[in-house]
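Mind looking over this structure? Questions follow.
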Amino acid sequence: MSRTVSSWILSSARNSIVLQGKRRLYSIYIPNRNKIKWKLAFSKTHLYPVGSSSLNSTFSLKKAFRHTSTEEEHFSFQLSPAQINDILRAGELSHKILDLNGKKANSVLRFESNQLASNTPIEDRRSAATCLQTKGMMFGVFDGHAGSACAQAVSERLLHYIAVSLMSRQTLEEIELAVECMKPVLPILQWHKHPNDVEYQEITSQYFENLRVYWQHLLDLDAEPGFSLEEAMICAFKRLDSDISLEVQAPQENELMKNIALQVAFSGATACVAHIDGVHLHVANTGDCRAVLGVCEEDGTWSTLPLTRDHNAFDEFEIRRLKREHPRSEEKTLFMNDRLLGILMPSRAFGDVQLKWSKELQHSVLENSCDVEALNIYQYVPPNYHTPPYLTAEPEVTYHKLRSKDKFLVIASDGLWEMLSNEKVVKLVAGHLAELNVQKPQLAFEKPVNLGYMHSLLLQRKNRGNASLDQNIATHLIRHAIGSNEYGEVDQEKLAAMLTLPEDLARMYRDDITVTVVYFNSETIENYYRNN
């Protein structure tokens, strides 16, 4: 490890402070240690917001914070290339869509996904599934905050809610009849999961019962449900968030289920879900995950097409929306320090009932709960909390009709986008695609080849360096996100340093990162336009 890289990490560590919270460390970077006053902040949420009545007066760092140890012997940055790869590739997931023997070909060719944790445990989640009772495939990325519970629940449930919203009355009736007669229920989704993906097994039955209540509600409608895809996605997002809120208020069978419901409701998650059916692409987004299309123009150049907006204090549409929904007297307190009520970065999210419920309801639910501190739930109502709800899970849905020049879709949590721009991500994926296309013809030898030719191929691959290192494009993106130097090249020493930072420092330099890249089948898309 060079002195340059270790100095970079250690000098940054010396400019850091760590706040000892309730059984959790909250960190924030301090650009200038000579400043003796600082207002409290951390991660996606603040324990207390800037401007809080309890923290109106600034205070000495010496009294309020403990320092992180920055002795060089406490850090070990020595990782071999093989160890780096093992860490980066542990969460890899890939799936190729099989040809359906003459049936309607899928516009999705394959997808590749990966995750890298910063928090322990990771707060991001992801989902991918094929719809079995309706058409299409769905891909979701979920960025949790204040714990992983909400992201976990949403990743397990949201795709089911969307699929049910799209079903015909006949299909819903068949499923309901099967449940009533205690017969096997038609499978709704075929999941594509990583072996390490976890589920809330203890509460699965309750999740199913609440999903059933939802489809019963759809059956009670006077007419055929008949949602458009946009309406189905909006309805599913809002209904699931409502169920999360109601479940924590309802009596539970046991203490474990009650605790899970509490943790889900009082943590939060942003969500970005893509539904792809033939050439029809819908993206529903709540919060600050992002979806971007990679487009190959006729001249061979690449362009980006963002399909989402980040819902936060930097978005003028969100600011105006919230101002419309609350009295003029609250205009100056809706966003403080670029956070909703000075607390939350995203302005839309699942869960986070402390920004949706009345003060009285929050107090009532927590008063009747067990040790909420042990569950990392904080009984805190922000100042200027007058007209809830301030937060919504309603998504913004974008429709895009795929063209043959649309080559791939990148969905990722903000941990990626904080490190790489839309343009850089598309450039990296395009470069990776070109690399694969160059390799394939070279290795599919139709004639005998001599050793000299083989040697030249191996030298070419070696000279391409890290570009050939990762077969999974999501890993390639994560490697560049955390390991790139100022020239945009992966610095192995920086990469090792970023992967070996102590837990209380890692979150200061990078967030959890989750990436899913969906590749489109250009031939299928072209055939659609040729036949229509």
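The values are calculated or read from the model by the stated rules, or taken from the named source; none is laboratory data. Source: prediction; values computed, not measured. FYI the Cβ positions are ideal-geometry reconstructions off the backbone, even for glycines, and counts take in every protein chain you see. Surface areas here come from the heavy atoms of the whole protein model, side chains and all, with no ligands, DNA or RNA. Shrake-Rupley method; radii C 1.70, N 1.55, O 1.52, S 1.80 Å.
Are there GluC sites (Glu not before Pro) in the range 393-441 that DSSP puts in a loop and that have at most 14 other Cβ atoms within 10 Å, and which ones?
E418
Additional query: How high is the relative contact order of the range 89-246, in percent, with contacts defined as C-alpha pairs under 8 Å that are six or more residues apart?
23
Next question. Please identify every one of the GluC sites (Glu not before Pro) in the range 279-348 that sits in a loop by DSSP and has no more than 16 other beta carbons within 10 Å of its own beta carbon.
Taking the range 279-348 and a limit of 16 other Cβ atoms within 10 Å, the loop GluC sites (Glu not before Pro) found are E297, E298, E331.
For A434 and R403, what does the FRET efficiency come to when R0 = 25 Å and r is the distance between their Cβ atoms, rounded to the nearest 0.05?
Given R0 = 25 Å and the Cβ-Cβ separation, E is 0.80.
Moving on to the next point. Quick check: at a probe of 1.4 Å, how many percent of the accessible area of the range 73-205 sits on carbon and sulfur atoms?
Ligands and nucleic acids excluded, carbon and sulfur give 54 percent.
What is the distance, in nm, between label points placed 7 Å from the Cα along the Cα-to-Cβ direction at L246 and at T120?
Calculated label separation equals 4.0 nm.
Quick one: compute the contact order of the range 81-531, relative version, from alpha carbon pairs under 8 angstrom and 6+ residues apart, as a percent.
23
Hey, another quick one. Using a basic spin-label model with each label point 7 Å from the Cα along Cα→Cβ, how many nm lie between D220 and A374?
For D220 paired with A374, the spin-label model returns 3.7 nm.
Keeping every protein chain in place, order M508, M137 by accessible area at 1.4 Å, biggest value first, i.e. largest first.
Sorted descending by solvent-accessible area, the residues read M508, M137.
Moving on. Counting only protein heavy atoms, what percent of the accessible surface of the range 245-361 is carbon or sulfur at a 1.4 Å probe?
Within the range 245-361, the accessible surface is 51 percent carbon and sulfur.
Further question: Within the range 109-186, report the GluC sites (Glu not before Pro) that DSSP leaves as loop and that have at most 14 other Cβ atoms within 10 Å.
none
Determine the per residue accessible area of the range 81-531 with all protein chains present and a 1.4 angstrom probe, expressed in square angstrom.
Spelled out: the 1.4 Å probe surface of the range 81-531, per residue, equals 45 Å².
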